[in-house]
């Protein structure tokens with residue numbers, strides 16, 4: 001190889017080495033991943049002091065939410081679900097700095113701070129026993145207990161209160177009814193509370209609050225048409241004023257039709273039981289003071305269907321104009337009991353102990369004893385062993401001549417031999433009554449039963465029926481009865 005060619009190869013090699021070794025390009029550095037787009041929403045609920053925070057981000061896998069108070073329990077961790085905090089002692093509006101910190105493995109924490117105004121919203125005052133035109137309260141008591149509205153025994157801040165006295169001999173399940181001028185809607189705020197004053201008790205006082213509405217067409221004390229829901233709570237044994245709360249979140253129907261889920265939107269009557277024992281309905285004797293029933297919001301006004309000036313929830317004759325305080329007309333005097341065949345019948349009365357009571361099409365018209373189009377259906381459910389129904393008549397029964405009563409019943413074969421209790425009762429005093437029991441025949445078809453009330457000497461305006469009193473039922477077909485053609489006999 002010539003010297004010239006060797007020199008050219010040498011120069012070429014040097015040039016290549018120089019070109020490769022002299023490059024200014026550097027390797028791209030690795031970029032650490034980061035959490036981005038951190039944000040959160042803050043939503044108030046309840047009385048405005050419960051704040052729920054829902055965090056979100058790109059890359060974050062856990063969050064710490066600092067609700068901005070001096071407390072030690074206001075930092076709550078979450079994997080991304082909403083968390084809430086109930087701010088204590090908020091009066092009016094207070095601003096808090098809520099800090100949300102997002103974290104993830106291998107990434108730097110990222111935080112976001114937002115000022116949130118926590119605004120206390122006072123609950124709706126449903127009943128406060130003062131001269132408040134927005135809440136017209138018509139108290140009604142049952143069997144022995146009394147209620148008066150007057151100055152509080154203790155605590156000048158309470159003004160007027162409701163003073164409820166239970167005597168030693170108060171009957172079972174006695175309550176005070178508070179009828180409101182507007183319906184109560186608990187669909188968004190489902191907790192009610194009230195203040196109660198008592199002397200010191202040796203045992204905690206049970207307080208039951210029940211909400212009711214009515215079906216005016218059947219006057220709602222009719223078993224299946226009544227809408228009611230109740231919650232039991234317990235007051236402490238201490239003397240003085242205290243606040244108790246009732247959470248209606250579950251919205252489960254009590255009493256008639258127990259177990260059904262309700263929409264908590266329209267209730268016109270508050271029932272209040274104090275010191276009640278649910279095993280037998282008895283109450284602890286004593287005087288209690290209540291005030292400031294609050295919660296929910298007011299809904300629509302309660303109607304006066306018959307235009308007699310008495311609102312439907314206080315009107316015992318809601319579809320018929322009357323002149324008395326209860327919306328009815330004065331009784332015209334005792335009259336013969338007209339036959340109840342349920343063909344064209346407006347139910348006046350109600351079921352009790354969980355019994356269902358309604359008028360249906362006769363499911364069996366092929367028999368020879370009862371081919372009526374309509375019959376009364378009575379279902380004894382599992383709530384109470386005394387479950388039955390009552391029918392309120394327009395006038396007292398004239399028993400000067402006719403002292404017997406008969407009816408037709410179709411009972412399940414399983415009820416053969418069970419006692420059919422047919423009681424006549426005074427409208428205002430259930431202690432005035434005449435009670436007769438007759439065994440059901442061993443026949444699952446229609447049969448006629450006669451009840452001899454010759455011994456009855458009182459004034460009666462109510463019919464009461466209980467089958468197998470004291471025997472537990474289950475609401476099945478074995479506890480479903482059809483009744484028709486109630487009538488008075490010589």
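Are there strands (runs of 3 or more DSSP E) fully within the stretch 251-329 with at least 1 residues that are at pLDDT 75 or above, under 15 Å from residue 208 (Cβ atoms) and in contact with a strand residue (DSSP E or B) (Cβ under 7 Å, 6 or more places away or on another chain)? List them. The qualifying strands (runs of 3 or more DSSP E) are 267-274, 286-294.
So that you can scan it fast, the table gives a plain yes or no per residue for (1) over 30 Å from residue 152 (Cβ atoms); (2) free of Cβ contacts under 8 Å to residues at least 24 places away in the same chain; (3) loosely packed, with under 15 Cβ neighbours inside 10 Å:
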| residue | (1), (2), (3) |
| --- | --- |
| 295 | no, no, no |
| 311 | no, no, no |
| 315 | yes, yes, no |
| 321 | yes, yes, no |
| 343 | yes, no, yes |
| 352 | yes, no, no |
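Quick one: is residue 357 assigned to a strand (DSSP E or B), touching a residue at least 12 places away in the same chain (Cβ under 8 Å), in the same structural domain as residue 447 (by TED's automatic domain parsing) and touching a helix residue (DSSP H, G or I) at 6+ places or on another chain (Cβ under 9 Å)? Spelling it out, residue 357 is indeed assigned to a strand (DSSP E or B), touching a residue at least 12 places away in the same chain (Cβ under 8 Å), in the same structural domain as residue 447 (by TED's automatic domain parsing) and touching a helix residue (DSSP H, G or I) at 6+ places or on another chain (Cβ under 9 Å). Return a yes/no flag: does the stretch 453-476 have any residue that is in a strand (DSSP E or B) and within 21 Å of residue 361 (Cβ to Cβ). Within the stretch 453-476, one or more residues are in a strand (DSSP E or B) and within 21 Å of residue 361 (Cβ to Cβ). The single residue among 148, 121, 83, 137 that is surrounded by 15 or more Cβ atoms within 10 Å (Cβ to Cβ), at pLDDT below 95 and either closer than 30 Å to residue 272 by Cα or under 33 Å from the mean Cα position of the chain (by Cα) (or both) turns out to be 137. What do you reckon, is residue 431 more than 30 Å from residue 334 (Cβ to Cβ), at pLDDT below 95 and in a loop (DSSP other than H, G, I, E, B)? Considered against the rule, which asks whether it is more than 30 Å from residue 334 (Cβ to Cβ), at pLDDT below 95 and in a loop (DSSP other than H, G, I, E, B), residue 431 comes out as no. Of all residues in the stretch 187-198, exactly one satisfies the criterion of being over 20 Å from residue 160 (Cβ atoms) and either modelled with pLDDT of 85 or more or more than 17 Å from the chain's Cα centre (by Cα) (or both), namely 191.
The values are calculated or read from the model by the stated rules, or taken from the named source; none is laboratory data. Just so we're clear, the structure is a prediction, and the values are computed from it rather than from any experiment. Note that we place each Cβ from the backbone using ideal geometry, even for glycine, and neighbour counts take in every protein chain shown.
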